[in-house]
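To keep things clear, I will list the structure first and then write my remarks on it.
The values are calculated or read from the model by the stated rules, or taken from the named source; none is laboratory data. Not measured: the values here are computed from a predicted model. Counting neighbours? That spans all protein chains shown, and the Cβs are built from the backbone with ideal geometry, glycine included.
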Amino acid sequence: MTASSFQLEVPQSLIDRAKAGEVDAFERIYHRFERPAYTLALRILGDAEAAHDVLHDAMLKVFQCIGQYRNDAPFWAWLRQIALNQALMRLRRERRFEPDTDVEYLTDDAAAPTWVHADASALERALGALPALTRSVLWMYHVEGYSHPEIAELVGKTTSFSKSQVARGTARLRALLDPSPCLIEAGSPACLI
Amino acid sequence: MSDMNAENRLTLGDALRALPLAAPGRDAWPALAAYLVPPARRRRRYGAPLAIAAACMLAFVAALSLRHMPSAVVEPQVTATVAPAAASSKTNGANVSDETNVTNIHEPAKTDGGDRLAAAQARSQALERWLRDTRRAASPLPSQDLAAAAEIENLIGLVDVELAASSADGALSLWRRRVALLEDLTALRYSNDRLAESAAASPAIGILNRIN
């Protein structure tokens, strides 16, 4: 399993220098985590400008509060948590905390997963078509490695909610990437299960 | 054939993690650097309202402590009336007597560590509930207070981050820090003039009494 893109080694000396207020140490930390933090925000929010704002706010918070970092968790995990919280807060503020609930998808689980043959841009497009909260849960679970209980706490929902969003998101991605999907809108007479 | 099987085993996680990292369209560093250079000035800007808030809170807590002292000392259970909210704190089942004990967290410890932790969590929940319940009634904060409130909320968020990674040993001090920050936020909100003026006509005072 590939590690999270945040999982970068940060020398203690660099953290200490940043704690001491050295701006060039902040700059090095910023550039080290710029892309992982931006990517996380982009995947959650699905909007480049909003992701840029979150990157800015998260990094600012990291720098303002680095004195409180106590070395009892890896620095990257601390920074990732701040970036994730910022992105989720933004999602809440924009009232985009609605999960995928009203659509069901027929999928053939025995067939090869559709993402096997999808290129990166197709997968990114499909990901972007998911409801923001569903996409966020899927990303936190599959990419960042959060457990369902952890996700439940982060989004203020239940563990079952997290599991159902991963299942729905996966099924929906499969359908979106399928050249002949059988997408069932709620109430549609076609393709009833 | 084995290649096909390997392909079919490609999980969604593998596929998502294989996506290239995105890069921001423009460099965010210059704006950040601009914030970082004059840190002393920023601290001064937030320092005044925070100090005022802390002073208000101290006065407020002192007044309420005096008011509740007899019942709190003799029969702690009867003074607390708020059941802990099931919001973000981790111990939803903490009882009301724990909450009362936390009100006086500066008193000598009467309970063991587990009780104090549960009490701090209950206190945190009660304060959060009050802040949530009074959000609508509160008039907009002046810009300086708003900045201070945002700063306090940021600090609470960071305590939450630390709590998520903390050991059982460190949890109590973090929960107490969280309570202290929530009290600052409460004081800031409560010291807002218009809310104070309308307090007699609104349930805010009652709620404040209940959470203390």
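Miscellaneous remarks
- Single unsatisfied condition, residue B:153 versus (1) modelled with pLDDT of 70 or more; (2) surrounded by fewer than 19 Cβ atoms within 10 Å (Cβ to Cβ); (3) over 12 Å from the mean Cα position of the chain (by Cα): (3)
- Hey, residue A:20 of a type in the set (Gly, Ala, Ser) and either over 18 Å from residue B:24 (Cα atoms) or surrounded by fewer than 16 Cβ atoms within 10 Å (Cβ to Cβ) (or both) or not: yes
- Of residues in the stretch A:23-44 being of a type in the set (D, E, K, R) and either under 18 Å from residue A:143 (Cβ atoms) or facing chain B (nearest Cβ under 7 Å) (or both), the one surrounded by the most Cβ atoms within 10 Å (Cβ to Cβ): A:43
- Restricting B:137, B:126, B:201, B:196 to those that are surrounded by fewer than 20 Cβ atoms within 10 Å (Cβ to Cβ), farther than 25 Å from residue A:70 by Cα, modelled with pLDDT of 60 or more and more than 14 Å from chain A (Cβ to nearest Cβ) reduces the list to B:137.
- With respect to the conditions (1) within 30 Å of residue A:66 (Cβ to Cβ); (2) assigned to a helix (DSSP H, G or I); (3) modelled with pLDDT under 80, residue A:115 lacks only one, and its number is (1).
- Any hit, the stretch A:45-61, residues being at the interface with chain B (Cβ under 7 Å from one of its Cβ atoms) and not in a helix (DSSP H, G or I): no
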